[in-house]
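Asks: Before I ask anything, let me first share the structure, which is written out below as structure tokens.
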Amino acid sequence: MGFLNFYFHLLLVSSTIFILVAAKNEASTDLDPKNHNIAVKVGLILDFNSSTGFLANSCISMALSDFYSINPHYTTRLALHPKNSHDVLTAASSALELVNEDQVDAIIGPQFYKEARLVAEIGGKAHVPVISFLVTSSSLWSSQTPYFVQTTVPDSSQLECITSLVQQFGWQDIVVLYQNDTEEESGNNFMPSLTESFQQASIRISYVFAISSSASISHIEKQLRHLRSMQTRVFLVHVTSPDLASRLFYLANKVELMNKGTAWIITDALSSSLSSLDATAIESMEGVLGVRPFIPKSKNLKNFKIRWNSFLLTQQDQPNYTEKYASSFNTFCLRVHDTVWALATAVEKIQLPEVKKSPEILNASSSAITNLRILEAGPRLVKEILKTNFVGLSGEFKLNGGQLETPVFQIINIAGDGENGDRTVGYWTQGRGFSRRIASAAGKGQMVVYSKRVDQVLRPIIWPGDSTEKPKAWDVPGNVVKLRVLVPKKSSFTEFVKAQEDNRTKNTYNVTGFSIDVFKAVLHALPFEVEAEFYPFVNDKGESNGTYNELVKKLNGSKAPDAVVGDVTIRANREEYVDFSLPYLESGVVMVVRAEPDRLKNIWIFMKPLSWDLWLSIVAAAIFIGVVLRMLERRLKPQNQLGMLFLFPLAALAFPERNMVGNNWARFVLVVWLFLSYILMQSYTANLSSILTVGQLRVSTDIPPCAGYQENTFVIEILKKLRINGTSYSSMEDYDKALSLGCENGGVDAIFDEIPYMKLFLHKYGSKYKMVGSTYSTGGFGFAFPTGSPLAKPVSEATLRVMEKGSIQQLEKTYFGQGYTTQYAGEDISRDSPSLTSYNFVGLFAVTAFLTLLAWGCFECSFIISRYRDRNAAISRVQSIEMTQDASAENDQQDFKEGEFLSQEESNQQVVQDHTSINIDHGAGS
């Protein structure tokens, strides 16, 4: 009985606890009543009345379904609180309501930059993360808005790719066409970033065409015809509306703006949504280049595309559904999908309900920003979002500084042979450059080749007009037949430019000269036909209308010419307001002075080639050789006296007889001496010739008190800096006359002018004057064009081709004569002695001394050895004689008697022999 009472009371308590817990769970807003998972509130601010908002909402629904079907064990669930927003005020009001009333832990959206900027401010004050998958502007830095996260590719990333592409193709001017709608603000934020990126790469935006998606066909066609009349032929298109893109490219083909020689580039906004365009629009875009983030292929992506199309088919009854989205699929939806997964993953990791809410929530007002509810878990949540890293449908999801890390960009060429009418020609990776494939797409063992140059790695590109040749990026419009070229009116040095009035017709000139022919040769080398009409820079009287600086400044006037051609010097101050081509002739300011013979030293000119120490060295060498020869000959010819010390080497130079010396080692020393003498004589002759031709000319003065210069040139500025009194002259004859007189007689002591003029002057009066080294460096002679002229680069390239062919050198010979050299290396005239010193021949003297001493040493050694051998031979002979004498003495005693007997007989035989010998001698004599 007691057991039953205990069981009954236990069952009653358990039931009571279960009822209380159930009631509490029903009242709790932090739990999902369906599956008992913790619900994390997330605000969603979008314009659901727009197609973009409808598409984004659909992508979010699919992303949540996919995430929790794969992760059913997660204890948290994202609970969306959508807010419809169509302007800045609505977005701000929605953000305040979500933060204070709905008490959300994060906000996704809004769509536009201005709305996102204000919502990011509210989220930053409330510590609520604001995540945007649509805003691409890079101006919302993480340091200013630490709770704002961009999960889309920022504009700065694709602009770096586009800038590198334009720069590597060598295009310096570009026309930008961008969509500018009141409800679409991406174009407004895109242009400042684009301008900054192009300025850093020295790319000029020659024209900007802002176009609305609601613009009429006539308005667009009018603007495109205006672009047709311009010279720039590179166009960058940034539009987000597929309908606007279809109309734009259809009309561009109609006005013949997509013919051969043009280049069109589209940004990610259009490249990623080509599937939204019909076949006719794709066909009109043939030859267009595009850049977009690379999306690696995967099994999950393929499955998502199938489910996405099925999902959209079920939404046909929705009011915001449009038919084009039934088959469209772009990067935007994949970014939305990965954004939702990143937020759901971060929420699960930090377990938001464990953090207590602020006690000021109930007192907060949705209309007062100062009473914002503060999310205590906000710092942890945003930190966890920034740390999230996984491989999603769009590729690797990784945030850096609050922005999605720059992915690999895919470079496409619309040619109509791909799945969406495009084909991949290469890739671009930040910090590495261009490549034909990427690492993830390369097979095993294949190395990915990166290059900064697109022509080295990209696949062949089909350009507009079905051309495979890279567009030159500019063209002379059809209504411009000739270039209007301004030339200087010169009275001196007309070999460069000569503008002579035609006597048959008034106000017309015949323009000729070296610079004019060079320019014509350059125009002929261009890949297109251009004619030039030359006009002189003259006033009403037919005289020169000013200096060269004033001539160049005419390129910026209201009726500016197309170019200035002549002997125009490239200078830094002129580069500020004009563009120059590469120089076609070297330049630089030099000084020409009078050179006179130095008659004071002519009587001792024969001593000049060698310095005094070298003369002494030669005398010492002669004495040394004489001493050695005397030592070598002293035994063979002892009659030679000490006075012959000098006669041996000197006589060998004048009378190289074989019998002058009798010793072989002495002959060897004479050969060494003759070798030394030959080299010294040749050096003496060469240096004497140089002194007689160059060294005899001396500069009249080192620092001229007065100098001359050519009129209307910038040389007067240099003379002012050098504090030299300058006088202008107009011809080479004036130069010659002024230099001949000198400063004391009303002339000048030096002429300052540029190298081409001075070489021409010296070619005519070179016997009396000398050019002193470069005084001032310049950029050379070049052709000037208005700032931003597309002619500057092709003319520079053509100038290089003409120079490489040698055409300019031939023109120099034609106009200036054979003696006019194309290269110049200035030599300063030195009054120091050009004599050769002993230091120049140290090695020669050392070799001579070594060989001479070697010969002397060998001779002495051979003499000592021969004496030693003779001495040993004499000793041997003496010993042999003594031994013979001893043996004879012993035999004499034994044979004394026999000797006496035989001696008489030997004496008789000796008498007979002597008598016989005498008879033989007499016989021989007869």
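Asks: So, residue 73, is that one in the same structural domain as residue 127 (by TED's automatic domain parsing), surrounded by fewer than 15 Cβ atoms within 10 Å (Cβ to Cβ) and modelled with pLDDT of 90 or more or not?
Replies: Yes, satisfied.
Asks: Out of 449, 408, report the one residue that is more than 27 Å from residue 253 (Cα to Cα) and either at pLDDT 80 or above or touching a His at 6+ places or on another chain (Cβ under 8 Å) (or both).
Replies: Matching residue, one of 449, 408: 408.
Asks: Also, I was wondering about something else. Mind listing whichever residues of region 488-510 are surrounded by 22 or more Cβ atoms within 10 Å (Cβ to Cβ) and in contact with a strand residue (DSSP E or B) (Cβ under 6 Å, 6 or more places away or on another chain)?
Replies: Those that are surrounded by 22 or more Cβ atoms within 10 Å (Cβ to Cβ) and in contact with a strand residue (DSSP E or B) (Cβ under 6 Å, 6 or more places away or on another chain): 488, 489, 497, 499.
Asks: Further question on the same structure: Going through 99, 104 one at a time, which residue ends up being assigned by TED's automatic domain parsing to the domain that holds residue 116, buried (at least 22 other Cβ atoms within 10 Å of the Cβ) and part of a loop (DSSP other than H, G, I, E, B)?
Replies: On the way: 99 fails: part of a loop (DSSP other than H, G, I, E, B).
The conditions single out 104.
Asks: Answer yes or no as to whether residue 417 is over 23 Å from residue 396 (Cβ atoms), over 22 Å from the mean Cα position of the chain (by Cα), charged (D, E, K, R) and at pLDDT below 70.
Replies: yes
Asks: On to the next question. Are there any pairs with C-beta distances below 6 angstrom linking a residue in region 542-557 that is under 18 Å from residue 786 (Cα atoms) to a residue that is among the hydroxyl-bearing types (Ser, Thr, Tyr), with the two at least 6 apart or on different chains, and if so which?
Replies: As it stands, the answer is 556/577, since those pairs meet every condition given.
Asks: To continue, here is another question. Hey, does region 235-254 have a residue that's buried (at least 21 other Cβ atoms within 10 Å of the Cβ), small (Gly, Ala, Ser) and touching a Gly at 6+ places or on another chain (Cβ under 6 Å)?
Replies: No - not one qualifying residue is present in region 235-254.
Asks: Follow-up question, since we're still on this one. Can you tell me which residue within region 306-355, out of those that are among the hydroxyl-bearing types (Ser, Thr, Tyr) and either in a loop (DSSP other than H, G, I, E, B) or loosely packed, with under 14 Cβ neighbours inside 10 Å (or both), is modelled with the lowest pLDDT?
Replies: 327
Asks: Kindly indicate the residue of region 279-305 that is assigned to a loop (DSSP other than H, G, I, E, B) and out of contact with any helix residue (DSSP H, G or I) (no Cβ under 8 Å at 6 or more places or on another chain) and also farthest from residue 426 (Cα to Cα) among those meeting that condition.
Replies: 298
Asks: Let me ask another. Given (1) touching a Gly at 6+ places or on another chain (Cβ under 8 Å); (2) surrounded by fewer than 19 Cβ atoms within 10 Å (Cβ to Cβ); (3) in contact (Cβ under 8 Å) with a residue 12 or more places away in the chain, where does residue 729 come up short, assuming only one miss?
Replies: If we test residue 729 against (1) touching a Gly at 6+ places or on another chain (Cβ under 8 Å); (2) surrounded by fewer than 19 Cβ atoms within 10 Å (Cβ to Cβ); (3) in contact (Cβ under 8 Å) with a residue 12 or more places away in the chain, just (2) comes out false.
Asks: Scan region 82-110 residue by residue and report those that are of a type outside the set (Ser, Thr, Tyr) and touching a strand residue (DSSP E or B) at 6+ places or on another chain (Cβ under 6 Å).
Replies: Result: 82, 83, 91, 98, 102, 104, 105, 106, 107, 108, 109, 110.
Asks: When residues of region 276-305 are filtered for being of a type outside the set (D, E, K, R), surrounded by fewer than 17 Cβ atoms within 10 Å (Cβ to Cβ) and touching a residue at least 60 places away in the same chain (Cβ under 8 Å), how many remain?
Replies: Number of matching residues: 4.
Asks: If only one of 258, 191 is under 24 Å from residue 159 (Cβ atoms), in contact with a Phe, Trp or Tyr (Cβ under 9 Å, 6 or more places away or on another chain) and surrounded by fewer than 19 Cβ atoms within 10 Å (Cβ to Cβ), which one is it?
Replies: Criteria check complete, one pass: 191.
Asks: Does residue 753 satisfy being buried (at least 21 other Cβ atoms within 10 Å of the Cβ), of a type in the set (D, E, K, R) and not in a loop (DSSP other than H, G, I, E, B)?
Replies: The answer is yes for residue 753.
Asks: Here is a further query. Are any residues in region 701-717 over 23 Å from residue 780 (Cβ atoms) and either modelled with pLDDT under 85 or surrounded by 23 or more Cβ atoms within 10 Å (Cβ to Cβ) (or both), and if so, which ones?
Replies: 701, 702, 703, 704, 705
Asks: Restricting the first residue to region 798-821 and requiring it to be over 30 Å from residue 765 (Cα atoms) and part of a helix (DSSP H, G or I), which pairs with a second residue that is at pLDDT 85 or above and of a type in the set (Val, Ile, Thr) meet a Cβ separation below 9 Å and a spacing of at least six or different chains?
Replies: Here the result reads 798/522; 799/518; 799/522; 799/808; 801/522; 802/518; 802/522; 802/808, each pair linking region 798-821 to a residue that is at pLDDT 85 or above and of a type in the set (Val, Ile, Thr).
Asks: Here's another thing I want to ask about it. Looking only at region 545-599, which residues are in a strand (DSSP E or B) and modelled with pLDDT under 85?
Replies: Once the filter is applied, which keeps residues that are in a strand (DSSP E or B) and modelled with pLDDT under 85, region 545-599 yields 594, 595, 596, 597.
Asks: Identify the residue in region 853-874 that is under 30 Å from residue 610 (Cβ atoms) and out of contact with any Phe, Trp or Tyr (no Cβ under 7 Å at 6 or more places or on another chain) and, among all such residues, is surrounded by the most Cβ atoms within 10 Å (Cβ to Cβ).
Replies: The first filter runs over region 853-874 and keeps only residues under 30 Å from residue 610 (Cβ atoms), leaving 853-856.
Add one more test, that the residue is out of contact with any Phe, Trp or Tyr (no Cβ under 7 Å at 6 or more places or on another chain), and what stays is 853-854, 856.
Working: 853: 13, 854: 14, 856: 18.
The extreme case among them is 856.
The values are calculated or read from the model by the stated rules, or taken from the named source; none is laboratory data. Note that this is a predicted model, so its numbers are computed, not measured. Backbone-built Cβ (ideal geometry, glycine too); neighbour counts: all protein chains shown.
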